[in-house]
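Structure first, commentary second.
Nothing in this text is a laboratory measurement; each read-out follows from the coordinates by a stated rule. Everything numeric here is computed off the predicted structure, so don't read it as measured data. Quick reminder, even Gly has a Cβ in these numbers, built from the backbone with ideal geometry, and neighbours come from all protein chains shown.
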Amino acid sequence: MSEQTITAVPGTTAGTWRLGDREVGRLGFGAMRLTQQGEALVPDAVPSDRARAIGVLRRAVDLGVNHIDTAAFYFSSLRSANELINSALSPYPDDLVIATKVGPGRDPSGRWLPHATPAQLRGQVEENLRQLGRDHLDVVNLRIVGTDSIAERFAALADLRTAGLIRHLGLSNVTPSHLAEAQRIAPVVCVQNPYGIGVRPDQDEFLRTCGDLGIAYVPFYAVAGSSGTAGALGTDSATVRRIARAHGVGPVQIRIAWTLHQGPHVLAIPGTGDPQHLTENMAAGAVRLSADDLAALDAEHRGEG
């Protein structure tokens with residue numbers, strides 16, 4: 001992290017994108033890390049401080065965030081991300097878009113359950129509605145593991161969209177064939193896939209395809225990189241560190257800035273439970289990478305650095 005003082009930067013500094021009929025800032029907030037102390041998600045972690053987590057959410061909105069990513073399966077022994085969002089932000093600002101995910105599930109002990117069947121997806125949607133205190137969900141992403149057909153599951157969510165429980169539909173952890181399959185059933189407003197500097201360069205073409213189709217591409221692990229749920233480990237390459245020093249910011253901000261530079265349809269959702277890290281993450285929206293910076297980081301991404 002840079003030693004310079006980082007001032008608050010409005011959430012729309014990075015521009016905006018339309019998710020269906022909702023306009024969101026391209027720099028949003030991921031709620032996954034709100035439920036436990038520290039930036040890494042590990043078994044039996046110490047639950048987060050409730051007041052601090054609520055403060056982070058409120059500060060995010062104060063900084064201009066109007067796109068929050070969450071899920072009912074984001075919880076620890078004492079904390080639920082959805083409940084924290086409800087407590088911190090309800091009654092919700094009119095422009096706030098909350099995107100959630102269904103498909104996976106966890107029992108009260110935190111153990112992962114088999115993915116939901118089409119019939120079980122309604123229960124997962126209703127649980128998100130209950131926890132968030134809403135009568136509809138702005139965006140619901142169908143989270144996928146594997147390469148099986150998603151037609152029945154996505155059709156079940158499309159029926160809930162027709163019924164008014166869901167406003168817009170998206171996909172998470174999917175392939176281009178999954179997207180094509182879903183589009184034959186109902187409109188898709190976003191794709192959430194793992195992506196970042198050095199993470200899944202094979203996704204480059206899919207990212208561009210989404211842009212051509214007018215579909216938002218929402219990377220997760222853009223900050224954590226290949227460490228995934230372990231969080232940012234401070235093991236950034238010499239290239240990332242050099243460019244960060246040149247801009248007077250930290251490596252995390254360079255990772256976020258590079259993500260945003262991948263296209264106007266790319267939305268970043270860095271998450272944290274730390275107020276200072278939140279401010280730093282939001283400041284990344286003001287980082288403008290040069291052509292030389294991008295060329296060096298692109299080479300790093302492709303493993304050519």
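Observations
- Average Cα contact separation per residue, the chain, under 8 Å, 6 or more apart, as relative contact order %: 22 percent
- Nitroxide proxy distance, nm - points 7 Å out along Cα→Cβ at residue 23 and residue 87: 3.4 nm
- Between residue 117 and residue 184, the distance separating the two model label sites (each 7 Å from Cα on the Cα→Cβ line) works out to 2.4 nm.
- Gaussian network model of the chain, springs between alpha carbon atoms under 10 Å - residue of 70, 147, 259 with greatest fluctuation: 147
- Amide H contacts under 5 Å for residue 218, placed H, 5+ residues apart: 191, 192, 193, 267
- DSSP beta bridges confined to the chain are antiparallel in about 25 percent of cases.
- The trypsin sites (Lys or Arg not before Pro) of the stretch 95-178 meeting both criteria, a DSSP state outside H, G, I, E and B (loop) and at most 14 other C-beta atoms within 10 angstrom of the site's C-beta, are 111.
- Binned Cα-Cα distance frequencies in the stretch 157-305 - 10 Å width, integer %: 11, 39, 31, 15, 4, 0
- Across the stretch 171-288, Cα pairs under 8 Å and at least six residues apart give a relative contact order of 23 percent.
- Compared with the dominant Cα axis of the chain, that is its longest principal axis, helix 50-62 is turned about 80°.
- Pairwise label distance in nanometres, residue 107 with residue 204, each label 7 Å out on the Cα-Cβ vector: 4.5 nm
- 3J(HN,Hα) along the stretch 177-191: 5, 4, 4, 4, 4, 5, 5, 6, 9, 7, x, 10, 9, 7, 10 Hz, from the Karplus curve 6.51 cos²θ - 1.76 cosθ + 1.60 with θ = phi - 60°, whole Hz, x for Gly and Pro.
- Crossing angle, helix 151-162 versus the chain [Cα axis fit, 0-90 degrees, rounded to tens]: 80 degrees
- HN-Hα J in Hz across the stretch 201-215 - Karplus 6.51, -1.76, 1.60, θ = phi - 60°, x for Gly and Pro: x, 5, 7, 3, 5, 4, 4, 5, 4, 4, x, 4, 8, x, 9
- Per-pair calculated FRET efficiency, R0 = 30 Å: residue 148 and residue 299 via Cβ, rounded to 0.05: 0.25
- The calculated 222 nm mean residue ellipticity attributable to helices in the chain amounts to -10500 deg cm²/dmol, summing -39500 (n - 2.57) over DSSP H runs of n ≥ 4 and dividing by all residues.
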